[in-house]
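Notes follow once the structure below has been shown.
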Amino acid sequence: MTFAKSYEPGAYESDIYAAWEADGIFEPTIPTYPIDNDGNGKDDREEERPEDPSSSDTLKGARPSLRSSKEGLPGRHAYSIVMPPPNANGNLHIGHGLTVALEDSLTRYYRLRGLSSWYIPGADHAGFETWVVYERFLEKQGHTRFEFSRDELYARVWDFVAEQRGNMELQLRALGASCDWDDLTFTLDENVVDRVYTTFEKMWNDGMIYRGEKLVNFCPKHQTAFADIEVEHKDEKGTLWDIAYEIVDESESEDSRLAPSRPSLRGSVAQSAPLRSRTVSNPLIPDSSIIVSTTRPETLFGDVAVAVNPEDERYKDLVGKFVKLPLTDKLIPVITDEHADPEYGTGAVKITPAHDFDDFEVGERHSLPRVQVISEDGKMINVPEEYEGLTATECRKKVLKDLKEQGLLLGEKRIEHSVAHCYKCGTVLEPMLKEQWFVDVEKLATTAMSHLEKGEIKFYPENKGKVLINYLRGLRDWNISRQIPWGIAIPMFRKIDEAATDEPDWIFDRRTNLTEIEKGGVRYVRDDDTFDTWFSSAHWPIVCTNWTEENFNPYYPLNVMETGADILFAWVARMIMVGLYVTGEVPFKEVYLHGLVLDEHGQKMSKSKGNVINPMDLVARYGSDAFRLGILRGRSAGMNQAFSENSVIAGRNLCNKLWNISRFVQAIVESEGDSEVSSSVSRGESDDSPAALRLYSSETSESPSYSTNNMGEDWICREINECLEAVEKDMTEYRFAEAVEILYSTIWDKYADWFLESQKLFKNIELLKETLKTLLIAMHPFAPFVTEAIWQNLPWTEGFIATAKWPARLDYDPISAEEFEKLMVVVSEVRGTLQALPGTNNAKKYGLLYDNDSLVQDNEFLIKILTKVPEINSLNGAPRGLRLALANHELYLDIPEKVVSEYKDALTERIMAVGRELDALNMRMMNPNYVEKAPEHLVKETQDAIAEKEALIARLKQQLEII
RNA sequence: GGGGAUUUAGCUCAGCUGGCUAGAGCGUACGAUUCACAUUCGUAAGGUCACAGGUUCAAGCCCUGUAAUCCCCACCA
């Protein structure tokens, strides 16, 4: 293969990925194995943070003996990370692009560091999301869900998803995700379902699962309930109506008091007995009524009380009395409850436990019945005949009209209040009384909090740990039932043999493939609901790593959980709770949360705004590496940050630069190097040794294959070492953008602009090879394709760069490296001054004169090539030309006096600028406290700087006088 | 009401343990061009670090307060 003139990602990427995959280099190398009889296999693990492999002896040397009796089964050296499973049914969006860029960089980095890295891919059945898509699909075909049984629907969606699947996996490959595809976990895989059932059974046996009649947020369109977290609250304008409830004389109502009943678990429509109509006071006189305010008049039929605040003096006398529910004969009591806010409206509030979350709680406190008046399909039930069957909206109109006619509607006003909406279709959610399965979260949350408070999980950004604790503190019981067929069936069966009174009403059974089962002669029917997807997703680290009770698993807990900050509560919190519950360990040691990718103006991407960026489109145009580099740029943990094509273009340019650097080095090696020399760099790994084994090949302190011959060479070694150190630190701290930035500047500004330029003069073949190799490996986690493409093109590298060994530090002479910095200052000053001179193309016109300056004298050719001045000579005789503004050098540009005088203004400005700097330094030294209290080295630095600037000013002034 | 963030160059963002003469990319201006790369090279301009106090020898960074922007949770009869 040869190097084309520019890097064409499209020509390499898919072949490279296929080669990686064919060689199985993404597979982890450490197996799990049974725990010994003593059962404490886990405890032998040494506390090891692979995130910090730079500490010298972490990776090299002694293969950790996890158990002396189990040779060859290392317990560390494992690095595991799971992919938040993308929807199996969809395409990747920009968020997935970021996810892969982050996670794959980590995976590749730790793979290069020699850890057995396992990036476990997944696909999500995305219960509700996919269901919505499928239902729409059904509708288009003229069908509805009600034509099919639950099992039929499940089978149909399975096929539907199977058709779509694979697309997403191809896209992940295109992004370079170094996943082990054999271990892809689908959220409906058998092992997932098994594990979920096991957990559910355990919870059931532990008494943490209960079936409760509670109010749930119910979407009338999708016919399913949601968890609190899935509800979207929006502020909307609404109307608040004042309605008079007539007060009934206590004595009259004594006999027909509405008996408060205990809310039974099953009793949904404990309807009060209808009461005969009776004479009442004049409704038009407010004194005879109690006025309540409501935004939902149609639910008044479900009212079971009117509540006032216990402190509210206005209603003291009314408490315990009864009021007549308008449009009916029902009498309901006036009760006291803190919920009633004396400041709001009239201070009296109607209580409708079956249709309002607060009222539900009030009802619980006062043992009030729950009267459901709106059914799941949105029709009125349990209401007077003339309202029966109306939709809630129709009913509202009629109720208002009828109230008005009776003079009971006393007022209305427009208000703004927040309304719960379906996050998918925007329909207003109806609080609905339903029996659902709930998880009692108290124990789970308490345990999770205690582990979090002990700092067992490190969060990036740090504050999210506290946010999570705060959330867990107020967590309410978790509704895990969903009324959609596409999901994991809840393994609970209800008794249908009425006669079997001794048997429990509900039993746990795994045979969810059957709608009806028999056990002990009793027949049971399957609950048709499925699990909330977060209930199964909460097991993700457990199921992806194949964690079991029996085996020691070096990949659990995960090293890191990387996911979106927006699902901290929905997912991360639940993984922690369930992980602890199932395994007793936190499921991951660190959490990195990324924010949203916004458009270039900081706006959220949305289809309606038309500002959606498709990552695959950018990959197609600029290459996978360019995309990855671009999206990591300027990004930090937890922040919603803008993204634009420009950053991808910058990434593309870097890839091309790297390509051309390699092309150039390769050309030098070919033209100058002889084969004998080049063979000495190969480092003793035989060609046929599998990649996996090379991971553990001992790292030795081999003597370098090169020697440095000039200060530029020492300098680049030093710079590369610093770069490596920075990248290692940045990766440990998840500072991806910084890692990319230091690589960018090292490769471009230092390696190409200075070192390679100087190598046009001095060619150090071995050093060129070694430094290029080092930079390529360091760059590989972020730009896997171009580095591999180059690696494969270079004749002196072997195997895949993807499984290469993270480079060791380069040897160099630090004094010589420091000298090069001085030379750079000289070169920059020459360039800058030439630019500032009037006229163009100055570099080629004027030579450089030095007086008694060994740095310049010794590096004449190097300076010439870097500044492009035509000649460099010793100044023989009196100074002439333009003196350069360098404190420690006697350097002149050989310029005619006429041109020099034109430079006078620039020179004056220069002197002023240095003067300002000098003043600031002097101010500092004049402060006795500074001299006394600041660290000694700082004071000395200041003194040195003053001396230097004073000397410089003196020289420049001298120059000015000459002009 | 409770909680969490953000505010630094025209734009998007770094700035970690206080030592800064505040950085990068993009953009802008000027210049270059056979010799790896115009997806290039060189040079430069561009800053009241939101504001007001405080601590300190020293504050972009720490403390107090203010303003603006944003997110999450709860409530809104």
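The values are calculated or read from the model by the stated rules, or taken from the named source; none is laboratory data. Computed from a predicted model, the values in this text were never measured in an experiment. In this analysis, Cβ positions are derived from the backbone assuming ideal geometry, glycine residues included, and neighbour counts consider all displayed protein chains. Please note that ligands, DNA and RNA were not included when accessible areas were found on the heavy atoms of the full protein model with its side chains. Shrake-Rupley method; radii C 1.70, N 1.55, O 1.52, S 1.80 Å.
For the reader, a short list of remarks on this structure follows.
- Residue match in segment A:612-622 (condition: open to solvent by less than 10 Å² (accessible area, probe 1.4 Å), under 28 Å from A:Ser536 (Cβ atoms) and in a helix (DSSP H, G or I)): yes
- Qualifying residue in segment A:870-880 (condition: within 12 Å of RNA strand B (Cβ to nearest atom), assigned to a loop (DSSP other than H, G, I, E, B) and either open to solvent by 50 Å² or more (accessible area, probe 1.4 Å) or on the phi < 0 side of the Ramachandran plot (or both)): no
- Any pair with Cβ under 8 angstrom, 6 or more apart, that starts in segment A:604-623 at a residue that is within 30 Å of A:Tyr12 (Cβ to Cβ) and ends at one that is surrounded by 11 or more Cβ atoms within 10 Å (Cβ to Cβ) and among the acidic types (Asp, Glu): A:Met605/A:Asp599; A:Ile613/A:Asp599; A:Ile613/A:Glu645; A:Leu618/A:Glu645; A:Gly623/A:Glu13
- The single condition from (1) open to solvent by 30 Å² or more (accessible area, probe 1.4 Å); (2) among the charged types (D, E, K, R); (3) touching a Phe, Trp or Tyr at 6+ places or on another chain (Cβ under 9 Å) that A:Glu430 fails is (1).
- Entry remark, segment A:372-391: residues being assigned to a strand (DSSP E or B) and open to solvent by 50 Å² or more (accessible area, probe 1.4 Å) number 1 in total.
- Selection of first residues in segment A:828-844 that are free of Cβ contacts under 8 Å to residues at least 40 places away in the same chain and of second residues that are open to solvent by 90 Å² or more (accessible area, probe 1.4 Å) and within 9 Å of RNA strand B (Cβ to nearest atom), restricted to Cβ pairs under 6 Å at least 6 apart or on distinct chains, gives the following pairs, ordered by first then second residue: A:Ala843/A:Lys868.
- Residues within segment A:331-379 that are hydrophobic (A, V, I, L, M, F, W, C) and under 17 Å from A:Leu215 (Cα atoms), tallied: 9
- Note on segment A:410-520: enclosed strands (runs of 3 or more DSSP E) holding 2 or more residues that are within 16 Å of RNA strand B (Cβ to nearest atom), within 26 Å of A:Ser375 (Cβ to Cβ) and not polar (S, T, N, Q) are A:430-439.
- Answer residue from segment A:397-409, given it is within 14 Å of RNA strand B (Cβ to nearest atom) and in contact with an Asp or Glu (Cβ under 8 Å, 6 or more places away or on another chain) and is least open to solvent (accessible area, probe 1.4 Å) among those: A:Val399
- Restricting attention to segment A:571-625, the residues being within 18 Å of A:Val100 (Cα to Cα), within 21 Å of the chain's Cα centre (by Cα) and among the charged types (D, E, K, R) number 2.
- Out of A:Glu364, A:Glu394, one residue alone is surrounded by fewer than 20 Cβ atoms within 10 Å (Cβ to Cβ), at pLDDT 90 or above and part of a helix (DSSP H, G or I). It is A:Glu394.
- The sole residue among A:Leu866, A:Leu862 that is crowded, with 18+ Cβ neighbours inside 10 Å and more than 10 Å from RNA strand B (Cβ to nearest atom) is A:Leu862.
- Test result for A:Pro86, at pLDDT below 95 and open to solvent by 50 Å² or more (accessible area, probe 1.4 Å): no
- Residue within segment A:436-458 that is open to solvent by 80 Å² or more (accessible area, probe 1.4 Å) and under 17 Å from A:Pro297 (Cβ atoms) present: no
- Of everything in segment A:292-311 that is in contact with a Pro (Cβ under 8 Å, 6 or more places away or on another chain) and open to solvent by 10 Å² or more (accessible area, probe 1.4 Å), the residue that is modelled with the lowest pLDDT is A:Glu311.
- Where A:Ile484 falls short, out of the listed (1) open to solvent by less than 20 Å² (accessible area, probe 1.4 Å); (2) among the β-branched types (Val, Ile, Thr); (3) at pLDDT 90 or above: (3)
- Residue within segment A:265-279 that is modelled with pLDDT of 50 or more and over 22 Å from A:Arg365 (Cα atoms) present: no
- Helices (runs of 4 or more DSSP H) contained in segment A:885-963 and holding at least 3 residues within 11 Å of RNA strand B (Cβ to nearest atom), open to solvent by 30 Å² or more (accessible area, probe 1.4 Å) and modelled with pLDDT of 85 or more: A:904-926, A:928-933, A:936-962
- Residue pairs whose Cβ atoms lie under 8 Å apart, sitting 6 or more positions apart in sequence or on different chains, and linking a residue in segment A:323-351 that is under 17 Å from A:Gln406 (Cβ atoms) and among the polar types (S, T, N, Q) to a partner that is modelled with pLDDT of 90 or more and not in a strand (DSSP E or B), are A:Thr328/A:Phe301; A:Thr328/A:Pro384.
- Hits in segment A:528-566 (condition: outside any strand (DSSP E or B) and either without any contact (Cβ under 8 Å) to a residue 60 or more places away in the chain or among the polar types (S, T, N, Q) (or both)): A:Thr533, A:Ser536, A:Ser537, A:Ala538, A:Thr545, A:Asn546, A:Trp547, A:Thr548, A:Glu549, A:Asn553, A:Pro557, A:Asp566
- Unmet criterion (only one of (1) among the aromatic types (Phe, Trp, Tyr); (2) crowded, with 24+ Cβ neighbours inside 10 Å; (3) near RNA strand B (Cβ under 10 Å from one of its atoms)) for A:Trp715: (3)
- Flag for A:Arg526 being charged (D, E, K, R) and under 18 Å from A:Ser149 (Cβ atoms): yes
- Selected residue (criterion: least open to solvent (accessible area, probe 1.4 Å)) from residues of segment A:838-859 that are within 16 Å of RNA strand B (Cβ to nearest atom) and assigned to a loop (DSSP other than H, G, I, E, B): A:Tyr846
- Among the candidates A:Asp341, A:Asp329, residue that is part of a loop (DSSP other than H, G, I, E, B), open to solvent by 30 Å² or more (accessible area, probe 1.4 Å) and closer than 25 Å to A:Ala420 by Cβ: A:Asp341
- Evaluation of A:Asp180 against the conditions (1) open to solvent by 60 Å² or more (accessible area, probe 1.4 Å); (2) under 30 Å from A:Gly10 (Cβ atoms); (3) in contact (Cβ under 8 Å) with a residue 40 or more places away in the chain shows that the sole unmet condition is (1).
- Test: A:Ala126 is aliphatic (A, V, I, L, M), under 25 Å from A:Leu514 (Cα atoms) and surrounded by fewer than 20 Cβ atoms within 10 Å (Cβ to Cβ): no
- Total residues in segment A:514-535 satisfying the condition of being acidic (Asp, Glu) and either crowded, with 21+ Cβ neighbours inside 10 Å or in contact with an Asp or Glu (Cβ under 6 Å, 6 or more places away or on another chain) (or both): the figure is 2.
- Long-range neighbours under 6 Å by Cβ, at least six apart or interchain, first residue open to solvent by 30 Å² or more (accessible area, probe 1.4 Å) within segment A:3-18, second assigned to a helix (DSSP H, G or I) and of a type in the set (A, V, I, L, M): A:Tyr12/A:Ala789
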